[in-house]
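Trainee: Shown below is the structure under consideration.
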Amino acid sequence: MGVTFQRGPSLSRVVADRQPGVNHTGIPEHFFYFSMSLLIAIVVFYGFSRTVNAGLIHPSSPRPTILYLHAAIFTAWVLLFILQSAGR
């Protein structure tokens, strides 16, 4: 991987010679985004795992419908995020 200096009309700029889709460590970008989307899903699942069963699925008092709608939309968003990053 080389770096070339090109002189423009009024200033110098650095142009890096690299392969598209590969970051400076050599790891393909799609692998990075996919692994980060899985990490986000794992963190969200772990964070809510202690409260969802007792507080949302089997609550002692009824929960508002908007709470279930919020949970469904956010779950769909995380799944869409994983699918988008897997298809890069």
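Trainee: Mind telling me which of the residues 48, 34 ends up being touching a helix residue (DSSP H, G or I) at 6+ places or on another chain (Cβ under 9 Å), modelled with pLDDT of 85 or more and farther than 18 Å from residue 84 by Cα?
Mentor: Step by step, each of 48, 34 is checked, and only 48 is touching a helix residue (DSSP H, G or I) at 6+ places or on another chain (Cβ under 9 Å), modelled with pLDDT of 85 or more and farther than 18 Å from residue 84 by Cα.
Trainee: May I ask you to list the residues in the stretch 57-68 that are surrounded by fewer than 10 Cβ atoms within 10 Å (Cβ to Cβ) and assigned to a loop (DSSP other than H, G, I, E, B)?
Mentor: Matches in the stretch 57-68: 58, 60, 61, 62, 64.
Trainee: Checking the condition surrounded by 10 or more Cβ atoms within 10 Å (Cβ to Cβ), in contact (Cβ under 8 Å) with a residue 40 or more places away in the chain and small (Gly, Ala, Ser), which residue from 71, 76, 41, 54 passes?
Mentor: 41
The values are calculated or read from the model by the stated rules, or taken from the named source; none is laboratory data. Not measured: the values here are computed from a predicted model. Neighbour counts are summed over all protein chains in view; Cβ atoms, including those assigned to glycine, are modelled from backbone coordinates with ideal geometry.
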